[in-house]
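Note sheet for the following structure.
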Amino acid sequence: MSVTLEMPKEIEAQFTAAAQARGIPLSDYVRDFVVEHYPEDVDDLRIAQERLADPRPGLTSSQLRKNLGLDG
């Protein structure tokens with residue numbers, strides 16, 4: 001698959017420098033970066049969606065402090 005990305009110049013420069021430091025083409029570096037980080041992001045998104053779908057109310061800061069034994 002081929003993808004074209006538009007990104008801020010400073011990020012492009014950082015990616016280019018990292019690819020050059022590793023002696024690999026920029027396209028390989030970006031592909032490896034995406035493949036390495038995608039599973040984490042997908043898992044985070046799944047967890048966030050599950051929590052948003054959960055009807056249970058969250059804890060207040062007072063409840064959390066009490067549960068952690070921080071209120072004396």
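No lab work stands behind these numbers, since they all come straight from the coordinates. Model, not experiment: these values are computed from the prediction. All Cβ positions, even for glycine, are placed from backbone atoms using ideal geometry, and neighbour counts span all protein chains on display.
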Which members of the stretch 1-41 meet the condition of being surrounded by 10 or more Cβ atoms within 10 Å (Cβ to Cβ) and hydroxyl-bearing (Ser, Thr, Tyr)?
-> Thr16, Ser27, Tyr29, Tyr38
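Do we find that Thr16 is of a type in the set (S, T, N, Q) and part of a loop (DSSP other than H, G, I, E, B) in this structure?
no
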Exception for Leu59 within (1) aliphatic (A, V, I, L, M); (2) in contact (Cβ under 8 Å) with a residue 24 or more places away in the chain; (3) more than 29 Å from Glu12 (Cα to Cα) falls at (2)
